[in-house]
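The values are calculated or read from the model by the stated rules, or taken from the named source; none is laboratory data. Because the structure is predicted, anything quoted here is derived from the model rather than measured. Backbone-built Cβ (ideal geometry, glycine too); neighbour counts: all protein chains shown. When the accessible area is computed, the model is the full protein with side chains, heavy atoms only, and any ligands, DNA or RNA have been set aside. Shrake-Rupley method; radii C 1.70, N 1.55, O 1.52, S 1.80 Å.
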Amino acid sequence: VGLPLEFAIPGEGEQALELVKRAHAEGAFISIAHPAWYALTIEETMPFVPYSHAIEIHNTGSADVDRPTSWHFADQMYARGVKLGAVAADDAHFNDPRGDLADVAGGWVHVKADALDEQAILTALKAGDYYSSTGPEIEDLSFDGEVLRVTTSPVDQYIVSGAGARFARTYRPGQTTAEFHIRRDDGSLQPWAQKNFFRLTAV
């Protein structure tokens, strides 16, 4: 996202990594596209990480091959200390056998930008000032280092998950707010917060 119009098309024999480096040098926001669809391995992807800003964790078009989500891939990256953003997209090609609009508006990114213009949006994306969704809207989100607070459109559950199978969840159909405390009553970190990363999902 954000390539200049004069960006040169790939040259003959130009490999993907060289192309990504060139796009990065031109100031683009770069996402690792639908790794589940490609069945990418972490090892294959690591050379691209220094030039990438995000991982595409949802791609509606990838549902065609039963691989629409790549959260597992992002989680493996996070567990290795790689901190990239998480973006969603529909990747619409308008030729779905179920109908031309069947792959439209299945995933998107909400950006918190200072203005509705290209540079402001690009700056916000690179700063991580966005969230990705397939439906729910986040109205407010804050984390003061101790408590994670969220307000959203009505959802059935909030899930905070960390390393391995560790998580916390609130289930209440139609809820719009939740709080998650990073520490237990004895002062120790919650199990889901012990590996320096956790993510919030609203469903």
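In the stretch 131-149, what residues are open to solvent by 80 Å² or more (accessible area, probe 1.4 Å), over 20 Å from Tyr78 (Cα atoms) and assigned to a strand (DSSP E or B)? If the condition is that a residue be open to solvent by 80 Å² or more (accessible area, probe 1.4 Å), over 20 Å from Tyr78 (Cα atoms) and assigned to a strand (DSSP E or B), then Glu139, Asp140, Leu141, Arg149 are the ones that fit.
Residue pairs whose Cβ atoms lie under 9 Å apart, separated by 6 or more positions or on different chains, with the first residue in the stretch 72-83 and on the phi > 0 side of the Ramachandran plot and the second hydrophobic (A, V, I, L, M, F, W, C), are Gly81/Phe197. Condition check for Gly106 on (1) open to solvent by less than 90 Å² (accessible area, probe 1.4 Å); (2) at pLDDT 95 or above; (3) within 19 Å of the chain's Cα centre (by Cα): one failure, at (2).
Can you name the residue in the stretch 46-84 that is among the hydroxyl-bearing types (Ser, Thr, Tyr) and in contact with a strand residue (DSSP E or B) (Cβ under 6 Å, 6 or more places away or on another chain) and, of all such residues, is farthest from Ser132 (Cα to Cα)? By that ranking, first place goes to Ser52.
Within the stretch 150-203, the set of residues being of a type in the set (Asp, Glu) and within 21 Å of Trp71 (Cβ to Cβ) comprises just one member, Asp156.
Note on the stretch 173-203: residues that are open to solvent by 80 Å² or more (accessible area, probe 1.4 Å) and without any contact (Cβ under 8 Å) to a residue 12 or more places away in the chain amount to 3.
At least 3 residues being within 19 Å of the chain's Cα centre (by Cα), surrounded by 17 or more Cβ atoms within 10 Å (Cβ to Cβ) and of a type in the set (Gly, Ala, Ser) is the threshold, and among the helices (runs of 4 or more DSSP H) wholly inside the stretch 1-84 not one reaches it. Would you confirm, using the coordinates I've provided, whether Lys126 is within 23 Å of Ser70 (Cα to Cα), open to solvent by 70 Å² or more (accessible area, probe 1.4 Å), assigned to a loop (DSSP other than H, G, I, E, B) and touching a residue at least 60 places away in the same chain (Cβ under 8 Å)? No: the conditions fail for Lys126. Is there a residue being in a strand (DSSP E or B) and more than 20 Å from Asn59 (Cα to Cα) anywhere in the stretch 183-203? Yes: the stretch 183-203 contains one or more residues that are in a strand (DSSP E or B) and more than 20 Å from Asn59 (Cα to Cα). Restricting attention to the stretch 155-167, the residues that are open to solvent by 40 Å² or more (accessible area, probe 1.4 Å) and modelled with pLDDT under 90 total 3. Within the set Thr170, Thr152, the sole residue that is open to solvent by less than 80 Å² (accessible area, probe 1.4 Å) and free of Cβ contacts under 8 Å to residues at least 40 places away in the same chain turns out to be Thr170.
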